[in-house]
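Colleague: I'd like to ask you about the structure that follows.
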Amino acid sequence: MTEVEPEKESKAESEERSRPFLPNHIMEEIGVVFLITGIILIAAALRRPEPFGFPNIFFVGVLEMIDLVSPLFGALVVFAVVILLLAMPFLDRSEEQHPRKRLIFFAVILAVVAFWTAFTVMGFL
Amino acid sequence: MDKESTGALSKALLPLGKMFTKSRDWIIARSGLERFMEETESKTVPKHALNPAYCLGGVTLVAFLILALTGFFLANYYEPSEGGAQRSIQIISTEIHFGFYAKSIHSWAANVMVIAVLLHVLRVFITGSYKNPRELTWMGGVILLVFTFLFVLTGYVLPMDERSDFAITSMSGAFGWLRGIPHVGGVFNWASDTVGEALTGSYWMHVTVLPIAIILFLLVHFYLIRKHGISGPL
Ligand code: HEM
């Protein structure tokens, strides 16, 4: 592991990798803000009061767990996912950042997502 | 513009500019913001953070601010009662100036926020940005996600239409049993299967508890992001 020692890094080098927050960066961010606001306003102005007509897709899966298994099961899965997410930094303890070096961890999360997706699909059937 | 007219213009504007600088310095001096301004002026942003995937938290924030603004507007006209909900929404959509747009923008922005926050979580997950030292940023984020979903569910109850039934069924099915907790179960009235109770509880959550809670957690989120900076590139 080689760490960059701040004092050895020349000013030019650090300028290459980063740039000042003021004024350009903040101006661009404000630009993005206006772009998004614009999109939402125009979408609404096209007189479509709601973007989607169906119940929010993220809850269909939970409702199906409640229907198919039991209310308690639905609640337990929700709590389990929240706890799993909260515990994530302590479960995945390696210092690796790149997805390719965290394959097992990705597999576990994919399994959880697949489980949820399966119930969502069943909810629509 | 030739030199002379620019000169005239800037001369005319000079007092205004001086007034602006003076008032700005006055505010900074009186409020003790010097340190904050100095820090902000010397702050830099890493280039990789300009990638759109790193802007999703910002998009979520903008969507939230739009929701807050349009929500303030709507709350002035909405009536949280079984008979009043549909009637007041009808009035908002047809009689109140800008009411239709406020309601429509509110529901569009809600969808933008949910999609943006999920993509934000995906980005943070893929880049492994929840690791040391950003564990608390992540954990506070998970709570923000829970708040966001509760906003959506309780929001669905308010119009008292078909989707309200769906929201009430989901919430009472999964969390209705929490109301049985002795003494404090009433806090979970939003998860009641009685329409009136679910409406009052949802309204209470949607316009008082959740806004305060999410703002507190957002402040912590932003404080931590500023403290640790954005995580390194892959
Ligand atoms: C309610 C909405 C949220 C807002 C407004 C928000 C906003 C932000 C912003 C503006 C950033 C700066 C970098 C970026 O934009 O990507 C950020 C970073 C971060 N957020 Fe969020 N966030 C929210 C929810 C979440 C959630 C649900 C999680 C996790 C489950 C999370 C975890 C993090 C982490 C770990 C970072 C640091 C990332 C890094 O340093 O690379 N946030 N957030």
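Colleague: How would B:His97, B:His106 line up by accessible area, probe 1.4 Å, largest first?
Modeller: My answer, sorted largest first, is B:His97, B:His106.
Colleague: Carbon-plus-sulfur fraction of the accessible area of the protein assembly as shown, 1.4 Å probe, in percent?
Modeller: Answer for the protein assembly as shown: carbon and sulfur cover 69 percent of the accessible area.
Colleague: Here's another thing I want to ask about it. With every protein chain left in place and a probe of 1.4 Å, what is the accessible surface of B:Trp204, to the nearest 10 Å²?
Modeller: Surface accessible to solvent at B:Trp204 totals approximately 110 Å².
Colleague: I've got another one for you. Only sites in a loop by DSSP and with at most 10 other Cβ atoms within 10 Å count here; which trypsin sites (Lys or Arg not before Pro) in the range A:23-125 make the cut?
Modeller: Listed in order of number, the matching sites are A:Arg47, A:Arg93.
Colleague: Sticking with this one: For the pairing of chain A with chain B, what total accessible surface becomes buried, with a 1.4 angstrom probe, in square angstrom to the nearest 100? Mind dumping the intermediate values first?
Modeller: Values: alone 11170 and 15610 Å², together 21820 Å².
Adding both sides of the contact gives about 5000 Å².
Colleague: Can you give the accessible area of A:Ile39, probe radius 1.4 Å, in Å² rounded to 10?
Modeller: Here the accessible area works out near 110 Å².
Colleague: Could you state the accessible area per residue of chain B in Å², with a 1.4 Å probe and every protein chain left in place?
Modeller: That works out to 56 Å² per residue.
Colleague: Would you mind checking which residues have amide H under 5 Å from B:Val45's amide H? H placed 1.01 Å from N; only 5 or more apart, or other chain.
Modeller: Answer set, sorted by chain and number: A:Arg19, A:Phe21.
Colleague: Oh, and also: Can you list the residues, at least 5 places off or on another chain, whose amide H is less than 5 Å from the amide H of A:Glu50, using H built in the peptide plane?
Modeller: none
Colleague: Could you derive backbone 3J(HN,Hα) for the range A:27-41 from the dihedral phi with the Karplus parameters 6.51, -1.76 and 1.60 (θ = phi - 60°), listing whole Hz in sequence and x where the residue is Gly or Pro?
Modeller: Result, ordered by residue: 5, 5, 4, 5, x, 4, 4, 5, 4, 5, 4, x, 4, 5, 5 Hz.
Colleague: To the nearest 10 square angstrom, how much accessible area does B:Val142 have with a 1.4 angstrom probe?
Modeller: 10 Å²
Colleague: Helix B:135-157: angle to the longest alpha-carbon principal axis of chain B, degrees 0 to 90, nearest 10?
Modeller: The answer is roughly 50 degrees.
Colleague: OK, next. Round to the nearest 10 and give me the degree value, 0 to 90, for the angle of helix B:162-175's Cα axis relative to the longest principal axis of chain B.
Modeller: Relative to chain B, helix B:162-175 is tipped by roughly 80 degrees.
Colleague: Using the C-alpha gyration tensor of the range B:110-209, what are the square roots of 5 times its eigenvalues, in whole angstrom, with the largest one first?
Modeller: Working: eigenvalues 174, 55, 21 Å².
Gyration-tensor ellipsoid for the range B:110-209: 30, 17, 10 Å.
Colleague: Check which residues have an amide H placed less than 5 Å from A:Val69's amide H, if you skip close sequence neighbours.
Modeller: none
Colleague: Between B:Phe72, B:Leu178, B:Ser231, whose Cα lies farthest towards the positive end of the dipole of chain B when Lys and Arg beta carbons carry +1 and Asp and Glu beta carbons carry -1, centred on the Cα centre?
Modeller: B:Ser231
Colleague: With viscosity set to 1.002 mPa s and temperature to 20 °C, compute the Stokes-Einstein D of chain B, Rh being the Kirkwood radius across alpha carbon pairs; µm²/s, no decimals.
Modeller: 101 µm²/s
Colleague: At a 1.4 Å probe radius, which order do B:Phe149, B:Phe222 fall into by accessible area, largest first?
Modeller: Values: B:Phe149 55, B:Phe222 85 Å².
Descending accessible area places them as B:Phe222, B:Phe149.
Colleague: If a/c stays under 1.5 just call it rounded; otherwise compare a/b with b/c (prolate if a/b is bigger, oblate if not). Do that for the protein assembly as shown, with a ≥ b ≥ c from the square roots of the Cα gyration tensor eigenvalues.
Modeller: Numbers: a/c = 2.21, a/b = 1.30, b/c = 1.70.
It is oblate, given that a/c is not under 1.5 and a/b is not larger than b/c.
Colleague: For the range B:25-52, which residues drop by 10 square angstrom or more in accessible area between the chain on its own and all protein chains together (1.4 Å probe)?
Modeller: The answer is B:Thr40, B:Glu41, B:Lys43, B:Thr44, B:Val45, B:Pro46, B:Lys47, B:Leu50 - residues whose exposure falls by at least 10 Å² when every protein chain is included.
Colleague: Moving to a separate point now. Please report, in debye to the nearest 20, how large the charge dipole of chain B is about its Cα centre when each Lys and Arg carries +1 at its beta carbon and each Asp and Glu carries -1 there.
Modeller: Rounded to the nearest 20 debye, it is 1000 debye.
Colleague: Can you tell me the length gained on complete extension of the stretch B:Leu16 to B:Leu178, counting 0.36 nm per residue apart and subtracting the Cα distance?
Modeller: Residue separation times 0.36 nm, minus the Cα-Cα distance, leaves 52.3 nm.
The values are calculated or read from the model by the stated rules, or taken from the named source; none is laboratory data. What you see is a predicted model, and the numbers here were worked out from it, not measured in a lab. Reconstructed Cβ throughout: ideal geometry from the backbone, glycine too, with neighbour counts over all protein chains shown. These area figures cover heavy atoms from the full protein model, side chains too; ligands, DNA and RNA do not enter into them. Shrake-Rupley method; radii C 1.70, N 1.55, O 1.52, S 1.80 Å.
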